[in-house]
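S.K.: Mind having a look at this structure? Questions to follow.
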Amino acid sequence: MIDPAERWARGHDEKPEFAGLLTYAGVPYTQDPAELKDVDVAVIGAPTDDLVSDRPGTRYGPRAIRAACCSPGPHLEAKVDAFVELSVVDFGDAPVIPADPVRTHAAIEATVGQVLAAGAIPIVLGGDHSISEPDIRAVATAHGPVGLVHFDTHTDTGAEVFGVEISHGTPFYRLIEQGHLDPRRYVQIGLRGYWPGEAEFAWQAERGVTSLFMHDVRELGIGEVVRRAVEVVGAGPVFLTIDVDVLDPAFAPGTGTPMPGGMTTVDLLWAARTVATELDLVGADVVEVIPTAVGSADITALAADRIVREILTGIALRRRAGP
């Protein structure tokens, strides 16, 4: 087994971020499931936007997030270097098929399933929010029905959007109906704006879904909101999904359905790390990034990269603390 620090050194090889194969944070690349042995976390791209209802472009999200990676090193606040504590690889992109969302979702589910079968935690880079359906379905196949912490402007629990049953506005309705997601261990954070309506919230209330709105974040503070979320989700396997439109467009303009009045990057980064530290995270995704510029000039991709880093840091802190 390669020591995690040695694995990182081999993958990064002292090259600058703009040189070499484009992988997440410069970590080693593989698409061979046999090479996932002893890997803690595998980053996967899901470059698809066939199921969006507004702005397209999230198919370019995974590449942009990889290109936006910041320099390696220890987290200056948490005092841990996730890439030394953990063995992390880039498992490439799921073999999506443009204009065929059914086969694309099957490919994403199969790719995430390969990571889970090896005992690693998948972190998936979207792609539109519909990818959470195959992501969580694969995780639930491995772990049973999971809890969910969901940062988003919208609930994405519509039975349909514009008459379509499978879209980026329906994944969590479908996952609950399919039995893959435990609604009593499901918390939404950052909701605001004008959708969904009474029907969707009534359906959620009947099943025990917890909704924490943006005005709750404003009035209670992010610390109390996350504390409540952790309390609701409790023990057991948990998936974390973060739609970057939970951020105010000042911090993430490159997204499909931006809505003013959102979270700050500071609050979201802390929340992502805390959730990953305090809960039994078995998978995560970061979705709805539409690149607005190239490389490090893209503030939305920069935010998404840092969100992934905070999730990794939280996982590392939890592993360090032990059972």
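The values are calculated or read from the model by the stated rules, or taken from the named source; none is laboratory data. Everything quoted here is computed from the prediction, not taken from an experiment. Please note: Cβ atoms are built from the backbone with ideal geometry, for glycine as well, and neighbour counts cover all protein chains shown. In case anyone asks, the SASA skips ligands and DNA or RNA and just uses the protein heavy atoms, side chains included. Shrake-Rupley method; radii C 1.70, N 1.55, O 1.52, S 1.80 Å.
S.K.: Within the range 144-162, can one find any residue that is touching a residue at least 12 places away in the same chain (Cβ under 8 Å), open to solvent by 30 Å² or more (accessible area, probe 1.4 Å), more than 19 Å from the chain's Cα centre (by Cα) and more than 23 Å from GLY314 (Cα to Cα)?
M.R.: yes
S.K.: Here is a list: TYR173, TYR194. Which entry is free of Cβ contacts under 8 Å to residues at least 40 places away in the same chain and within 28 Å of ASP305 (Cα to Cα)?
M.R.: On the way: TYR194 fails: within 28 Å of ASP305 (Cα to Cα).
Just one listed residue meets the conditions, TYR173.
S.K.: Then there's this: Going through GLU198, GLU177 one at a time, which residue ends up being more than 15 Å from MET263 (Cα to Cα) and modelled with pLDDT of 95 or more?
M.R.: GLU177
S.K.: Also, I was wondering about something else. For residues that are of a type in the set (D, E, K, R) and surrounded by 14 or more Cβ atoms within 10 Å (Cβ to Cβ), scanning just the range 206-226, find the one that is farthest from ASP156 (Cα to Cα). Write out each step before concluding.
M.R.: So the first thing to find is which residues in the range 206-226 are of a type in the set (D, E, K, R), and the list is 206-207, 216, 218-219, 224.
Add one more test, that the residue is surrounded by 14 or more Cβ atoms within 10 Å (Cβ to Cβ), and what stays is 207, 216.
Values: ARG207: 15, ASP216: 19 Å.
Here the residue is ASP216.
S.K.: Quick test for you: out of GLU224, GLU219, GLU177, GLU200, pick the one residue that is out of contact with any strand residue (DSSP E or B) (no Cβ under 9 Å at 6 or more places or on another chain), under 28 Å from LEU312 (Cβ atoms) and among the acidic types (Asp, Glu).
M.R.: The conditions single out GLU224.
S.K.: With the checklist (1) farther than 23 Å from THR58 by Cβ; (2) of a type in the set (S, T, N, Q); (3) open to solvent by less than 40 Å² (accessible area, probe 1.4 Å) in hand, flag the one item SER167 doesn't pass.
M.R.: Single failed check for SER167: (1).
S.K.: Continuing with the same structure: Check the range 282-291 and report whether any residue there is over 17 Å from THR255 (Cα atoms) and open to solvent by 40 Å² or more (accessible area, probe 1.4 Å). So that I can check it myself, show each step before the final result.
M.R.: Looking only at the range 282-291, we keep the residues that are over 17 Å from THR255 (Cα atoms), and these are 282-284.
From what is left, the residues that are open to solvent by 40 Å² or more (accessible area, probe 1.4 Å) are none.
No, because not a single residue in the range 282-291 is over 17 Å from THR255 (Cα atoms) and open to solvent by 40 Å² or more (accessible area, probe 1.4 Å).
S.K.: Right, here's the next one. Can you tell me which residue in the range 135-168 is nearest to VAL287 (Cα to Cα), limited to those that are of a type in the set (S, T, N, Q) and modelled with pLDDT of 95 or more?
M.R.: THR153
S.K.: For the range 252-277, what are the residues that are surrounded by fewer than 19 Cβ atoms within 10 Å (Cβ to Cβ) and out of contact with any strand residue (DSSP E or B) (no Cβ under 8 Å at 6 or more places or on another chain)?
M.R.: Within the range 252-277, PRO253, PRO260, GLY261, VAL266, TRP270 meet the criteria.
S.K.: Looking at (1) under 24 Å from ALA140 (Cβ atoms); (2) under 18 Å from the mean Cα position of the chain (by Cα), which is the only condition GLU206 fails?
M.R.: Here GLU206 clears every test but (2).
S.K.: Return yes or no: is ASP305 open to solvent by less than 10 Å² (accessible area, probe 1.4 Å), farther than 23 Å from HIS75 by Cβ and under 16 Å from the mean Cα position of the chain (by Cα)?
M.R.: Answer is no for this residue.
S.K.: Give the range 234-250 a look and list any residue that's open to solvent by less than 10 Å² (accessible area, probe 1.4 Å) and not aromatic (Phe, Trp, Tyr), or say none.
M.R.: Listed by number, the residues that qualify are VAL238, LEU240, THR241, ILE242, ASP243, VAL244, ASP245, VAL246, LEU247.
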